[in-house]
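A short write-up of the structure that comes next.
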Amino acid sequence: MTEQEIRKTELRWSIVAGIAVTIIIAVIVGSSLAMAIHPPSHVETIDPTTLSKSGEFAESNLGTQINPDGTVTVRVIATQFAFVPRCLPVPQGRPVTIRITSPDVIHGFIIAGTNANTMVVPGYVSEVQTVFNAAGDHLMPCHEYCGLGHSEMWSLVRVLPPSEWRNDQSGRASCEIPR
Ligand code: CUA
(Lines give C-alpha, C1' and ligand atoms only; values in the text may rest on other atoms or scores of the structure.)
Protein backbone atom coordinates (compact mmCIF):
# COMPACT_ATOMS: atom_id res chain seq x y z
CA MET A 1 0.00 0.00 0.00
CA THR A 2 1.21 3.46 -0.77
CA GLU A 3 1.18 6.10 1.90
CA GLN A 4 -1.76 7.77 0.18
CA GLU A 5 -3.82 4.58 0.26
CA ILE A 6 -3.05 4.09 3.96
CA ARG A 7 -4.18 7.63 4.67
CA LYS A 8 -7.41 7.07 2.73
CA THR A 9 -8.13 3.80 4.60
CA GLU A 10 -7.49 5.46 7.96
CA LEU A 11 -9.75 8.37 7.05
CA ARG A 12 -12.51 5.97 5.96
CA TRP A 13 -12.33 4.03 9.25
CA SER A 14 -12.23 7.17 11.35
CA ILE A 15 -15.42 8.32 9.62
CA VAL A 16 -17.07 4.92 10.37
CA ALA A 17 -15.96 5.14 14.03
CA GLY A 18 -17.21 8.73 14.24
CA ILE A 19 -20.63 7.73 12.90
CA ALA A 20 -20.84 4.79 15.35
CA VAL A 21 -19.98 7.02 18.33
CA THR A 22 -22.54 9.61 17.19
CA ILE A 23 -25.27 6.93 16.94
CA ILE A 24 -24.42 5.53 20.40
CA ILE A 25 -24.55 8.99 22.02
CA ALA A 26 -27.80 9.78 20.20
CA VAL A 27 -29.41 6.54 21.48
CA ILE A 28 -28.30 7.24 25.09
CA VAL A 29 -29.48 10.87 25.05
CA GLY A 30 -32.65 10.04 23.08
CA SER A 31 -33.77 7.18 25.35
CA SER A 32 -33.05 9.20 28.46
CA LEU A 33 -35.01 12.25 27.26
CA ALA A 34 -37.87 10.51 25.46
CA MET A 35 -38.37 7.37 27.57
CA ALA A 36 -36.75 8.28 30.92
CA ILE A 37 -34.41 5.30 30.64
CA HIS A 38 -31.14 6.06 32.37
CA PRO A 39 -28.54 4.36 34.53
CA PRO A 40 -29.20 4.68 38.25
CA SER A 41 -27.77 7.96 39.48
CA HIS A 42 -29.81 8.16 42.65
CA VAL A 43 -27.75 7.05 45.66
CA GLU A 44 -29.54 7.24 48.98
CA THR A 45 -28.58 5.07 51.93
CA ILE A 46 -30.76 3.72 54.73
CA ASP A 47 -30.18 1.43 57.72
CA PRO A 48 -31.67 -1.95 56.64
CA THR A 49 -31.89 -3.25 60.23
CA THR A 50 -34.39 -0.65 61.46
CA LEU A 51 -36.55 -0.19 58.33
CA SER A 52 -39.88 -1.42 59.62
CA LYS A 53 -39.54 0.17 63.07
CA SER A 54 -39.55 3.87 62.26
CA GLY A 55 -38.99 6.43 59.55
CA GLU A 56 -40.07 6.52 55.94
CA PHE A 57 -40.46 2.76 55.53
CA ALA A 58 -42.30 2.06 58.79
CA GLU A 59 -45.27 -0.24 58.16
CA SER A 60 -47.85 2.56 58.42
CA ASN A 61 -46.05 4.55 55.70
CA LEU A 62 -45.96 1.76 53.11
CA GLY A 63 -48.17 1.88 50.03
CA THR A 64 -49.62 4.70 47.98
CA GLN A 65 -49.55 8.29 49.24
CA ILE A 66 -50.89 11.34 47.39
CA ASN A 67 -48.67 14.28 48.26
CA PRO A 68 -50.03 17.80 48.90
CA ASP A 69 -48.79 18.90 45.44
CA GLY A 70 -50.79 16.14 43.71
CA THR A 71 -47.87 13.88 42.91
CA VAL A 72 -47.98 10.27 44.03
CA THR A 73 -45.34 8.37 46.01
CA VAL A 74 -45.50 4.59 46.46
CA ARG A 75 -43.31 3.14 49.22
CA VAL A 76 -42.55 -0.57 49.13
CA ILE A 77 -40.38 -3.02 51.05
CA ALA A 78 -38.95 -5.95 49.11
CA THR A 79 -38.31 -8.85 51.45
CA GLN A 80 -37.88 -12.62 51.22
CA PHE A 81 -40.33 -13.46 49.62
CA ALA A 82 -42.85 -10.70 49.06
CA PHE A 83 -43.27 -7.07 48.21
CA VAL A 84 -45.15 -5.16 50.92
CA PRO A 85 -47.87 -4.20 50.18
CA ARG A 86 -49.10 -6.82 47.71
CA CYS A 87 -51.37 -4.47 45.75
CA LEU A 88 -50.26 -0.98 44.69
CA PRO A 89 -52.97 1.37 43.40
CA VAL A 90 -51.69 4.21 41.18
CA PRO A 91 -53.55 6.88 39.21
CA GLN A 92 -53.55 6.83 35.42
CA GLY A 93 -51.74 9.67 33.66
CA ARG A 94 -50.05 11.24 36.69
CA PRO A 95 -46.38 11.15 37.71
CA VAL A 96 -45.69 8.32 40.15
CA THR A 97 -42.53 7.93 42.21
CA ILE A 98 -41.81 4.44 43.49
CA ARG A 99 -39.42 4.22 46.46
CA ILE A 100 -38.33 0.77 47.50
CA THR A 101 -35.74 -0.84 49.74
CA SER A 102 -34.83 -4.23 51.20
CA PRO A 103 -34.08 -5.38 54.77
CA ASP A 104 -32.47 -8.69 53.74
CA VAL A 105 -30.95 -9.54 50.34
CA ILE A 106 -30.80 -8.08 46.84
CA HIS A 107 -34.14 -8.12 45.02
CA GLY A 108 -35.29 -6.40 41.85
CA PHE A 109 -38.51 -5.46 40.18
CA ILE A 110 -39.91 -4.68 36.77
CA ILE A 111 -43.32 -3.37 35.72
CA ALA A 112 -43.92 -4.57 32.18
CA GLY A 113 -44.66 -1.88 29.62
CA THR A 114 -43.04 0.91 31.67
CA ASN A 115 -39.54 2.18 32.40
CA ALA A 116 -39.83 0.84 35.98
CA ASN A 117 -37.03 -1.72 36.26
CA THR A 118 -34.38 -1.62 38.97
CA MET A 119 -32.45 -3.59 41.55
CA VAL A 120 -33.31 -3.28 45.23
CA VAL A 121 -30.19 -3.43 47.39
CA PRO A 122 -30.21 -3.60 51.21
CA GLY A 123 -28.88 -0.34 52.63
CA TYR A 124 -30.03 1.71 49.64
CA VAL A 125 -33.29 3.28 48.52
CA SER A 126 -34.13 2.65 44.87
CA GLU A 127 -36.31 5.30 43.27
CA VAL A 128 -38.12 5.07 39.93
CA GLN A 129 -40.29 7.76 38.36
CA THR A 130 -42.88 6.83 35.79
CA VAL A 131 -46.30 7.63 34.35
CA PHE A 132 -48.88 4.91 33.69
CA ASN A 133 -50.75 5.88 30.55
CA ALA A 134 -53.29 3.05 30.41
CA ALA A 135 -55.57 1.73 33.14
CA GLY A 136 -55.30 -1.92 34.14
CA ASP A 137 -53.39 -4.38 36.27
CA HIS A 138 -49.65 -4.97 35.85
CA LEU A 139 -47.63 -7.76 37.44
CA MET A 140 -44.57 -6.53 39.31
CA PRO A 141 -42.31 -9.58 39.77
CA CYS A 142 -38.97 -9.84 41.52
CA HIS A 143 -36.27 -10.29 38.89
CA GLU A 144 -33.16 -10.92 41.00
CA TYR A 145 -32.79 -14.46 42.30
CA CYS A 146 -33.19 -14.03 46.07
CA GLY A 147 -33.75 -17.54 47.39
CA LEU A 148 -36.13 -20.50 47.23
CA GLY A 149 -39.27 -18.34 47.20
CA HIS A 150 -38.04 -16.02 44.44
CA SER A 151 -40.61 -17.19 41.89
CA GLU A 152 -43.46 -16.51 44.35
CA MET A 153 -42.38 -12.91 44.91
CA TRP A 154 -44.57 -10.37 43.15
CA SER A 155 -47.01 -7.54 43.67
CA LEU A 156 -49.80 -6.16 41.56
CA VAL A 157 -49.79 -2.58 40.27
CA ARG A 158 -53.37 -1.44 39.70
CA VAL A 159 -53.60 1.60 37.40
CA LEU A 160 -56.94 3.32 38.01
CA PRO A 161 -58.61 5.87 35.70
CA PRO A 162 -59.59 9.21 37.32
CA SER A 163 -63.23 8.04 37.63
CA GLU A 164 -62.17 5.12 39.84
CA TRP A 165 -59.38 6.78 41.80
CA ARG A 166 -60.14 7.02 45.53
CA ASN A 167 -58.03 8.17 48.42
CA ASP A 168 -58.84 8.81 52.06
CA GLN A 169 -58.47 12.09 53.95
CA SER A 170 -54.79 11.59 54.64
CA GLY A 171 -54.14 11.03 50.93
CA ARG A 172 -53.61 7.28 51.15
CA ALA A 173 -55.00 4.69 48.77
CA SER A 174 -55.02 0.91 48.89
CA CYS A 175 -56.31 -2.03 46.86
CA GLU A 176 -56.79 -5.74 47.24
CA ILE A 177 -55.86 -8.63 45.02
CA PRO A 178 -58.99 -10.59 44.09
CA ARG A 179 -58.89 -14.20 45.26
CU1 CUA B 1 -36.89 -11.24 45.57
CU2 CUA B 1 -36.23 -12.63 43.81
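I want to check the label-to-label distance for ALA17 and ASN117. Put each point 7 Å from Cα in the C-beta direction and report it in nm to one decimal.
The answer from the label model is 3.1 nm.
Would you mind telling me the antiparallel percentage of the DSSP bridges in the stretch 81-171, rounded to 5?
Values: 16 of 21 bridges.
Given both bridge residues lie in the stretch 81-171, the antiparallel proportion sits at roughly 75 percent.
Taking just the alpha carbons, could you work out the radius of gyration and Dmax for the stretch 117-179, both in angstroms?
Looking at the stretch 117-179, its Cα Rg and Dmax stand at 14.5, 41 Å.
Count the net charge of all other residues whose Cβ sits under 13 Å from the Cβ of GLY123, scoring Lys and Arg as +1 and Asp and Glu as -1.
-3
For a quick protection proxy, order the peptides 30-36, 86-92 by their average other-Cβ count within 10 Å, most packed first.
86-92, 30-36
How large a share of the accessible area of the stretch 14-82, in percent, is made up of carbon and sulfur atoms when the probe is 1.4 Å and the other protein chains stay in place?
Answer for the stretch 14-82 is 68 percent, counting heavy atoms of protein chains only.
When you count, for each residue, the other Cβ atoms within 10 Å and take the mean per peptide, how do 51-64, 113-126, 8-21 rank with the highest first? The partial results should precede the final answer.
Details: 51-64: 15.2, 113-126: 17.7, 8-21: 10.2.
Sorting 51-64, 113-126, 8-21 by mean packing, highest first, produces 113-126, 51-64, 8-21.
How are the Cα pair distances of the chain distributed, in percent, across 5 Å bins from 0?
In whole percents, the pair-distance histogram is 1, 8, 14, 17, 16, 13, 8, 5, 4, 3, 3, 3, 2, 2, 1, 0, 0.
Given H placed 1.01 Å from N in the peptide plane, which residues other than close sequence neighbours of ARG172 have an amide H under 5 Å from its amide H?
Residues meeting the amide H criterion: ILE66.
If you check each cysteine of the chain for another cysteine whose beta-carbon is under 4.7 Å away, which ones come up empty?
If one checks each Cβ against the other cysteines of the chain, CYS142, CYS146 turn up with nothing under 4.7 Å.
Residue separation times 0.36 nm, minus the C-alpha to C-alpha distance between ILE106 and VAL29: what's the value? Walk me through the numbers on the way to the answer.
Working: separation 77, 0.36 × 77 = 27.72 nm, distance 2.89 nm.
Full-extension gain reported as 24.8 nm.
Mean 1/r over all different Cα pairs, inverted: what Kirkwood radius does the stretch 1-69 give, in Å?
Answer for the stretch 1-69: a Kirkwood hydrodynamic radius of 17.7 Å.
Can you tell me the relative contact order of the chain? Whole percent, Cα pairs under 8 Å, sequence separation 6 or more.
Details: 337 pairs, mean separation 37.9, N = 179.
The value is 21 percent.
With r defined as the distance between the Cβ atoms of LYS53 and ASN133 and R0 fixed at 30 Å, what FRET efficiency is calculated, to the nearest 0.05?
For R0 = 30 Å, the calculated efficiency reads 0.20.
Round to the nearest 10 and give me the degree value, 0 to 90, for the angle of helix 3-35's Cα axis relative to the longest principal axis of the chain.
On a 0 to 90 degree scale, this one is about 10.
Determine, from the Cβ-Cβ distance of ASN167 and TYR145 and an R0 of 30 Å, the FRET efficiency 1/(1 + (r/R0)^6), rounded to the nearest 0.05.
Efficiency, from the Cβ-Cβ distance: 0.25.
Net charge near LYS53: determine it from the other residues with C-beta under 11 Å of the C-beta of LYS53, scoring Lys and Arg +1 and Asp and Glu -1.
Around LYS53, the charge tally is -2.
For n ≥ 4 DSSP H runs only, could you compute -39500 (n - 2.57) per run for the chain, divide by its residues and tell me the 222 nm figure to the nearest 500?
Value at 222 nm, helices only, nearest 500: -6500 deg cm²/dmol.
The values are calculated or read from the model by the stated rules, or taken from the named source; none is laboratory data. Model, not experiment: these values are computed from the prediction. Note that we place each Cβ from the backbone using ideal geometry, even for glycine, and neighbour counts take in every protein chain shown. Areas reflect the complete protein model, heavy atoms only, side chains present, ligands, DNA and RNA absent. Shrake-Rupley method; radii C 1.70, N 1.55, O 1.52, S 1.80 Å.
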